[in-house]
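These notes concern the structure reproduced below.
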Amino acid sequence: MIAIIDYDAGNLKSVQKALAFLGEESLITREPEKILQADKVILPGVGAFGDAMEHLTQLGLVPVIREAAKRQIPFLGICLGLQLLFESSEESPGVEGLGILKGKILRIPDKEGLKIPHIGWNSLQLEHNGRLFDGFSGEPYVYFVHSYYLKAEDENIVKASTEYSAHIHASVEQGNVFACQFHPEKSGAVGLRILKNFCGV
């Protein structure tokens with residue numbers, strides 16, 4: 001069973017639908033015991049960093065997420081879920097992230113001809129043999145919706161990057177913790193394969 005964490009940050013049903021298409025059973029929940037009993041955990045999300053951390057704190061989910069990571073339960077952060085795993089974000093100065101991974105979330109710099117938020121398909125440069133990208137070759141295209149991007153402290157955890165006004169760390173992996181800035185559940189066959197790879201770890 002895969003637990004999809006519900007903290008009022010949206011994008012839950014599309015993730016659940018993609019998992020169902022792959023034949024995977026999932027449960028949308030905010031109950032700590034169900035999250036910690038799950039075989040795998042997904043933290044999706046769209047919205048603002050500060051609001052999301054406030055919701056996670058109010059729901060008592062911050063220690064639950066840290067405990068899930070500590071117990072080595074395979075854990076996947078998607079979009080805002082990736083950003084929350086890190087230490088801080090320029091979007092919400094003074095708000096601490098979950099701090100499970102080291103790095104900062106920065107605003108995508110303005111650049112002539114590029115719109116922010118970054119909405120649309122971009123190719124990924126794969127690196128460091130990420131398990132989410134097992135079986136991939138070339139530069140797969142995935143779907144992004146974001147105004148802020150990750151700069152990881154340790155580049156060895158970066159498994160995919162993309163260029164959009166900055167060098168964006170688009171996917172990371174450290175131990176049992178995986179994360180994607182893009183939306184695999186909205187990235188067609190490529191995204192489904194990434195989710196399938198996560199289900200298989």
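The values are calculated or read from the model by the stated rules, or taken from the named source; none is laboratory data. A quick note: this is a predicted structure, and the numbers were derived from the prediction, not measured. A quick note on method: Cβ atoms are made from the backbone with ideal geometry, for glycine too, and the neighbour counts reach across all protein chains shown. These accessible areas exclude ligands, DNA and RNA; they are computed on the full protein's heavy atoms, side chains included. Shrake-Rupley method; radii C 1.70, N 1.55, O 1.52, S 1.80 Å.
Inside the stretch 147-167, can you point out the residues that are open to solvent by less than 10 Å² (accessible area, probe 1.4 Å), out of contact with any Cys (no Cβ under 9 Å at 6 or more places or on another chain) and under 19 Å from Val190 (Cα atoms)?
Val158, Ser161, Thr162, listed by residue number.
Filter the stretch 1-12 down to the residues that are open to solvent by 10 Å² or more (accessible area, probe 1.4 Å) and not hydrophobic (A, V, I, L, M, F, W, C), then identify the one that is nearest to Ile42 (Cα to Cα).
Filtering the stretch 1-12 for residues that are open to solvent by 10 Å² or more (accessible area, probe 1.4 Å) and not hydrophobic (A, V, I, L, M, F, W, C), the one nearest to Ile42 (Cα to Cα) comes out as Asp6.
Going through Val41, Val15, Val46 one at a time, which residue ends up being open to solvent by 10 Å² or more (accessible area, probe 1.4 Å) and either of a type in the set (A, V, I, L, M, F, W, C) or under 18 Å from the mean Cα position of the chain (by Cα) (or both)? Walk me through how you get there before you give the answer.
Values: Val41 fails: open to solvent by 10 Å² or more (accessible area, probe 1.4 Å); Val15 fails: open to solvent by 10 Å² or more (accessible area, probe 1.4 Å).
Val46 is the lone residue from the list that is open to solvent by 10 Å² or more (accessible area, probe 1.4 Å) and either of a type in the set (A, V, I, L, M, F, W, C) or under 18 Å from the mean Cα position of the chain (by Cα) (or both).
Being among the small types (Gly, Ala, Ser) and buried (at least 18 other Cβ atoms within 10 Å of the Cβ) is the filter; apply it to the stretch 18-27 and report the residue that is farthest from the chain's Cα centre (by Cα).
The first filter runs over the stretch 18-27 and keeps only residues among the small types (Gly, Ala, Ser), leaving 18, 20, 23, 26.
Going one step further and asking which of them are buried (at least 18 other Cβ atoms within 10 Å of the Cβ), we end up with 18, 26.
On the way: Ala18: 15, Ser26: 17 Å.
Ranking the candidates gives Ser26 first.
Which of the following residues is in a loop (DSSP other than H, G, I, E, B) and not basic (Lys, Arg): Glu54, Glu24? Don't jump to the end; show me each part of the working.
Details: Glu54 fails: in a loop (DSSP other than H, G, I, E, B).
Result: Glu24 is the single residue among Glu54, Glu24 that is in a loop (DSSP other than H, G, I, E, B) and not basic (Lys, Arg).
Of all residues in the stretch 135-146, which are loosely packed, with under 14 Cβ neighbours inside 10 Å and either in contact (Cβ under 8 Å) with a residue 60 or more places away in the chain or within 21 Å of Arg107 (Cβ to Cβ) (or both)?
Result: Gly135, single match.
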